[in-house]
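Novice: The following block contains the structure, expressed as structure tokens.
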Amino acid sequence: MSPIPMPPLTSKMAGVVDRMARAHQAPYYTLSAAEARAAYEKGAGVLEVPKPALARIDDFTIPARDGHAVPARLYAPSNDRLPLLLFFHGGGFTVGSIATHDTLCRVLSHKSGCAVVSLDYRLAPEHKFPTASDDAWDALQFIAKEAGGLGLDGTRIALGGDSAGGTLAATCAIFARDAGLPVALQMLFYPGTTAHQDTASHRVFEKGPLLDEPLISWFFAQYVNTPADRDDWRFAPLNADDVDGVAPAWIGLAECDPVVDEGIAYADKLRAAGVPVALDIYRGVIHEFVKMGRAIPEALQAQADAARALQEALQP
């Protein structure tokens, strides 16, 4: 069987990848988790657009089921009683934070006119599976119940995230369906949805750029307790028994990304269950591109598309 050809990067994306290569940064999988977090934090804002100013930015905490106070940050373009997006950052369940996704959350709030609540769920390896999933679901229940006290409209909630955060948003949408908690939209940027790295796109992009097979394996080794955890639908939403009746989805994928096939597969699973899905695949760009708006035009397009989906779902 002949190898599947790799689609070409856009010229601007290729330029970014080239600059990354010339920087000679140590791969995260050669570092400790703490070192990887610091490196990710340091580089997170390099290619971001300027931070939009917003009327409200409030830090608070959300109680998890074990009593841990999970940090959260509220973004809002006004002091009105707004609908909201509960956002989960990416980073392989191991790196990333409110700070690394501050600009993206500001942009989504500014462009959509909605509030955004960003959650600093607990990270691996200190907190193994299913802690991140539990923190995410606990936060959604809290926000739905306590939104009024935050000056928000808890009857109009969307879920969203990028990469591992997209996984958390997808699983929360299933939890919400089962609990009868209404969710207006799941906004998923290149989510991880499959149990194992066995799709064609994982083979095509096993050497990256940016997200390669050793890094994915390292991230997941931090998070799971045993290989069996990877078959749990909270890790791999494609393994959910059914997704009938979950929230409508907007899914934004990067063409040149190991996880693009599983994003398409999840869109197909949702559609087969009768769930409305809008799927956008941004050509010639890589994983993490949505946080590269200063360099990659497709990032600005994806941000605008996601914000429009939020606006249409939450402020119809």
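Novice: Assuming H101 fulfils every condition listed in (1) part of a helix (DSSP H, G or I); (2) open to solvent by 10 Å² or more (accessible area, probe 1.4 Å) apart from one, which condition is it?
Specialist: (2)
Novice: Could I ask something else about it? Which one is least open to solvent (accessible area, probe 1.4 Å) among residues in segment 240-265 that are within 21 Å of C172 (Cβ to Cβ) and of a type in the set (D, E)?
Specialist: E262
Novice: Here is a list: R65, R37. Which entry is of a type in the set (K, R), modelled with pLDDT of 95 or more, in a helix (DSSP H, G or I) and surrounded by fewer than 22 Cβ atoms within 10 Å (Cβ to Cβ)?
Specialist: Residue meeting the stated conditions: R37.
Novice: Also, I was wondering about something else. Give all pairs with beta carbons closer than 8 Å in which a residue from segment 74-97 that is touching a residue at least 40 places away in the same chain (Cβ under 8 Å) and part of a loop (DSSP other than H, G, I, E, B) meets a residue that is open to solvent by less than 10 Å² (accessible area, probe 1.4 Å) and of a type in the set (S, T, N, Q); count only pairs at least 6 apart in sequence or on separate chains.
Specialist: Going by the 8 Å Cβ cut-off, the qualifying pairs are H89/T100; H89/S118; G91/T100.
Novice: Continuing with the same structure: Just to verify a result, which residue in segment 189-207, among those that are out of contact with any Lys or Arg (no Cβ under 6 Å at 6 or more places or on another chain), part of a loop (DSSP other than H, G, I, E, B) and open to solvent by less than 20 Å² (accessible area, probe 1.4 Å), is nearest to N239 (Cα to Cα)?
Specialist: T193
Novice: In segment 148-173, how many residues are of a type in the set (A, V, I, L, M, F, W, C), assigned to a helix (DSSP H, G or I) and buried (at least 22 other Cβ atoms within 10 Å of the Cβ)?
Specialist: 6
Novice: I need every pair where a residue in segment 40-61 that is farther than 9 Å from K291 by Cα has its Cβ under 7 Å from the Cβ of a residue that is basic (K, R) and open to solvent by 30 Å² or more (accessible area, probe 1.4 Å), sequence separation at least 6 or different chains.
Specialist: What qualifies is K51/R106; P52/R106; L54/R106; I57/R73; D59/R73.
Novice: Now, a different point. Among (1) free of Cβ contacts under 8 Å to residues at least 12 places away in the same chain; (2) not in a helix (DSSP H, G or I), there is one condition A228 misses while meeting the rest; what is its number?
Specialist: (2)
Novice: Return the residues of segment 69-98 that are open to solvent by 10 Å² or more (accessible area, probe 1.4 Å) and under 16 Å from A144 (Cα atoms); say none if nothing qualifies.
Specialist: Within segment 69-98, R73, R81, L82 meet the criteria.
Novice: Which members of segment 9-33 meet the condition of being under 25 Å from F220 (Cα atoms) and either in contact with a Gly (Cβ under 6 Å, 6 or more places away or on another chain) or among the β-branched types (V, I, T) (or both)?
Specialist: Within segment 9-33, V17, T30 meet the criteria.
Novice: Sort out which residues of segment 5-29 are under 13 Å from G284 (Cα atoms) and among the small types (G, A, S), and write them in order of number.
Specialist: Listed by number, the residues that qualify are S11, A14, G15.
Novice: Looking at the structure I just gave you, is A176 open to solvent by less than 30 Å² (accessible area, probe 1.4 Å), more than 14 Å from G92 (Cβ to Cβ) and touching a residue at least 24 places away in the same chain (Cβ under 8 Å)?
Specialist: yes
The values are calculated or read from the model by the stated rules, or taken from the named source; none is laboratory data. Keep in mind the model is a prediction, meaning the values are calculated, not measured. Here Cβ is always computed from backbone atoms with ideal geometry, including for glycine, and neighbour counts include all displayed protein chains. Ligands, DNA and RNA are stripped out before the accessible areas are found, and what is left, the full protein with its side chains, is counted by its heavy atoms. Shrake-Rupley method; radii C 1.70, N 1.55, O 1.52, S 1.80 Å.
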